[in-house]
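Every read-out reported here was derived from the displayed coordinates using simple, explicitly stated rules and does not represent laboratory data. This structure is a prediction, so every number in the text was calculated from the model and none was measured. Cβ placement follows ideal geometry from the backbone for every residue including glycine, while neighbour counts extend to all protein chains displayed.
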Amino acid sequence: MSERKTDPLISIRDLKVHFPLAGGSLFSRSRGMVKAVDGVTLDIYPGETLGLVGESGCGKTTLGRAVLRLTEPTSGQILFRGQDLATLSRTAMRERRRQLQIIFQDPYASLNPRMTVSQIIGEPLETFKLARGEARRQRVRDLMEMVGLSARFLKRYPHEFSGGQRQRIGIARALAVDPDFIVADEPISALDVSIQSQIMNLLDRLRREKNLTYLFISHDLRAIRHVSDRVAVMYLGRIVELAPARSVYTNPLMPYTKALISAVPVPDPKVEASRRRIVLEGDVPSPINPPAGCRFHTRCPYAIEACRNVEPQLVQIKPDHFAACIRISPEQPDIERVAPGAAPGLLDQFEPGLA
Amino acid sequence: MHELMNVNGNLLKVKDLRTYFKTEDGTVKAVDGISFEVERGETLGIVGESGSGKSVANLSLMRLIPDPPGKIVSGSIIFDGHDILKLSSGEVRRIRGKRIAMIFQDPMTSLNPFMRVSKQMMEVTRLHLGHSREEARAHAIKMLEHVGIPDASERVDSYPHEFSGGMRQRVMIAMALSCQPELLIADEPTTALDVTIQAQILELIKTLKAETGASVILITHDLGVVAGITDHILVMYAGKVFEQAPTNELFEQPGNPYTRGLLRSVPDPTSEQGSLYQIPGLPPDLAHLPAGCPFAPRCERAEDVCRRDFPPFVQLTPEHYSLCHFANEVFAESKQEHV
């Protein structure tokens, strides 16, 4: 990482989440492992929104859940203010959750249908013994106002609300305990276009007002670009590019990111008519047996023999801009200009500790 | 091919179509008086949010509205000179799947999970094209190859679940195109797909359209998707057509506040971030529409007249219409902003 004045709020170190495949019997080992997250190292700084983008099955949701230990990591560290969450006892972790909250994708599934809005938002206040009686009622009303819901709705049930309103309830619930860090897992994907912009603006306003830090997970590259300070691109369990949002979009380095950015439909017919789209062949390979070497080599238009063998590490190519690709290097960051067959980044792979 | 078909002009002409649903809450006017035309070889985009009526409009075209509770209460759907609403159900069935084909957001709505792909595809061409078993099988393999399924001659005997999401979408497109339809209706064909797969499918639809000369109606909520592929666009809201224009013109100079709001609320990945424009409020409840313009409660420039009177459908240029009391003003403002 480059020089920064502040310490990271969250430091993820070589995090792995492997799931055993179903099908193994009681006496035999399971048939294999789904390597959903396979060696992720990331720092998240206070007050920033780190966007985590990738296609379905890349492991982004599992990574988000593992950071909060809603899914148990297989190995690696999650340092929160210097304390390793991965080694905390369950009770200690439950206590920590006051600072670490999550907003879910599906506002229909994540709210208990038998509880009123007041009960849903007030529950965490009770769990952590933060407020009761009139203080609790007042706090719930404040929270509802904060997320743009009328306090008239206090006694209503989730089914009486629209998708966007339910997402606001979910946000109010996450904010009830005054957290420092929020994982927002696809918070706008289930919403209509006109409502998506409302929720994005709400999350951004709350971040500034309450000095929150977000890990914003989405497959929607336009939304990620809009809300994020930095963006991490994930492919088959690994981070393949990490940079300030602007650089990822204006100057993607790693071929997968290039293809991803070029595939985003732009709402402008003139741009659409003139832009060059990199259409990738085939589908994302299975995370059960990810390709050896660079996991993207099976679909990469620039892959050479070495890409099948060397697993690329995330290396700083430009200031603050990291990419995992052996075919580029700080001297030659543009893959279009690399000599055929050359892998200038190969040497950098052996310098440890850069990622 | 069809010898009697007129080669030029409109393939489809929809006039004043109204599809209503009876619910406990009252009558829901899901589609309320929409009109449009699709020329041969043209791609029309229908854009709207949930509840706008875009999918009901599309199901109405194929007479697939469940009755009850739904009913097409008025209008005409002239397809190649015949009013689909006046045909017998047998006649409609002969058109559906053969001359008009559909693809959906979820391929599993049109694929039978218990039947091999080969059998499903052969059924269609044996019924509509009178193929023999051998002809039908050869044709199915040819179609799968055409849409880019690797090892088509082996994969043809797979079950739908044995394909990935993107490949399943291709299988559905192959099946929809196997009778060389004149009109392909695609309802959110890429919404469930990842962006790289979405790009593949949109390229495929473009290529196939160019090869077969079919007309396409593309229904989506994503203005980005329609920008690159359509010739004309209808913007729907609350069961009405709010704006209708050639694609370039709609994006360059929208004449309706709702369209403008939609365009401004999509983050543009090429520009700097800042606060995103947001349309306030919620999409309307179709059973309890406000008086006047249905968008008025969310519209930043609404005046008293908007809350009182239903807006006129104003013609702005020969092919550009907007449903708004202030259509001309909005149109003029859009032009200024663009300069």
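State the extension gain, in nm to one decimal, for the chain segment bounded by residue B:76 and residue B:15, taking 0.36 nm per residue of separation less the distance between their alpha-carbons.
21.4 nm
In sequence order, what are the phi-derived ³J(HN,Hα) couplings for segment A:293-303 according to the Karplus relation 6.51 cos²θ - 1.76 cosθ + 1.60 with θ = phi - 60°, rounded to whole Hz, with x for glycine and proline?
x, 6, 5, 8, 4, 5, 10, 7, x, 10, 5
Starting from the Cα-Cα distance between residue A:72 and residue A:305, subtract it from 0.36 nm times their residue separation and give me the gain in nm to one decimal.
Here the answer is 80.3 nm.
Subtracting the Cα-Cα distance from 0.36 nm times the residue separation, let me have the gained length for residue A:152 to residue A:229 in nm, one decimal. Kindly include the intermediate steps, with their values, before the conclusion.
Values: separation 77, 0.36 × 77 = 27.72 nm, distance 3.59 nm.
Between residue A:152 and residue A:229, full extension yields an extra 24.1 nm.
What percent do you get for the relative contact order of chain B when only Cα pairs under 8 Å and 6+ apart count? List each step's numbers first, then the result.
Numbers: 617 pairs, mean separation 65.3, N = 339.
It rounds to 19 percent for chain B.
Mind checking the angle between helix B:133-146 and chain B's longest principal axis? C-alpha axes, 0 to 90 degrees, to the nearest 10.
The two axes meet at around 50 degrees.
So, with +1 on the Cβ of K and R and -1 on the Cβ of D and E, and no other charges, what is the size of the charge dipole of the protein assembly as shown about its Cα centre, to the nearest 20 debye?
On the way: 83 positive and 83 negative charges, 406 e Å.
Using Cβ point charges on Lys, Arg, Asp and Glu, the protein assembly as shown gives about 1960 debye.
Measure nothing but the geometry: give the 0 to 90° angle between the long axis through the Cα atoms of A:163-175 and the longest principal axis through the Cα atoms of chain A, rounded to 10°.
Taking Cα atoms only, the helix is inclined about 80 degrees.
Round to the nearest 10 and give me the degree value, 0 to 90, for the angle of helix A:117-127's Cα axis relative to the longest principal axis of chain A.
Helix A:117-127 sits at roughly 80 degrees to that axis.
Across 20 Å bins from 0, what is the distribution of all Cα-Cα pair distances for the protein assembly as shown, in whole percents?
16, 47, 33, 4
Suppose every K and R has +1 on its Cβ and every D and E has -1 on its Cβ; what is the size of the dipole of segment A:125-284 about the Cα centre, in Debye to the nearest 20?
It comes to approximately 420 debye.
Quick check: pseudo-label points 7 Å beyond the Cα along Cα→Cβ at residue B:67 and residue B:153, how many nm apart are they?
4.8
Using the beta-carbon distance between residue A:250 and residue B:252 and R0 = 30 Å, what value does 1/(1 + (r/R0)^6) give for FRET efficiency, to the nearest 0.05? Walk me through the numbers before you get to the answer.
On the way: r = 24 Å, r/R0 = 0.79.
Working from the Cβ atoms, E equals 0.80.
Assuming R0 = 22 Å, what is the FRET efficiency of residue A:7 and residue A:96, from their Cβ-Cβ distance, to the nearest 0.05?
0.80
What are the ³J(HN,Hα) values, in whole Hz, obtained from phi via the Karplus relation 6.51 cos²θ - 1.76 cosθ + 1.60 with θ = phi - 60°, for each residue of segment A:252-268 in sequence order, with x given for Gly and Pro?
Here the 3J(HN,Hα) series is x, 9, 6, x, 5, 4, 4, 5, 4, 5, 5, 8, 5, x, 9, x, 7 Hz.
Give the lysines whose C-alpha is closer than 26 Å to that of residue A:60, dropping any in the same chain fewer than 8 places away, or say none.
Within the straight-line limit of under 26 Å, residue A:60 reaches these lysines: A:16, A:35, A:210, A:258, A:318.
Once the Cβ-Cβ distance between residue B:115 and residue A:56 is put in as r, and R0 is 22 Å, what FRET efficiency do you end up with, to the nearest 0.05?
0.25
So, counting K/R as plus one and D/E as minus one, what does the shell of residues with Cβ under 9 Å around residue A:245 add up to?
Computed value for this residue: +2.
With each label point set 7 Å from Cα along the Cα-Cβ vector, what nm distance links residue A:89 and residue A:275?
5.3
For residue B:109, what is the net charge nearby, where nearby means another residue's Cβ is under 15 Å from its Cβ and Lys, Arg count +1, Asp, Glu -1?
That sum, taken over residues with Cβ under 15 Å, equals -1.
What distance in nm separates the two pseudo spin-label positions at residue B:93 and residue B:145, each 7 Å out from Cα along the beta-carbon direction?
Using points 7 Å along Cα→Cβ, the separation is 3.3 nm.
Step through the table entries B:22/B:54; B:206/B:240; B:71/B:240; A:155/B:54; B:29/B:209, compare each Cα-Cα distance with 24 Å, and write down the pairs that go over it.
Table pairs above 24 Å Cα-Cα are B:206/B:240; A:155/B:54; B:29/B:209.
Under a Cβ-Cβ cut-off of 13 Å, what is the net charge of the residues other than residue A:70 that fall near it, where Lys and Arg count +1 and Asp and Glu count -1?
So the environment of residue A:70 carries a net charge of +4.
If you wrap a convex hull around the Cα atoms of segment A:48-130, how much volume per residue is inside, in Å³? It would help to have the intermediate numbers written out before the result.
Working: hull volume 12.1 nm³, N = 83.
So the per-residue hull volume is 146 Å³.
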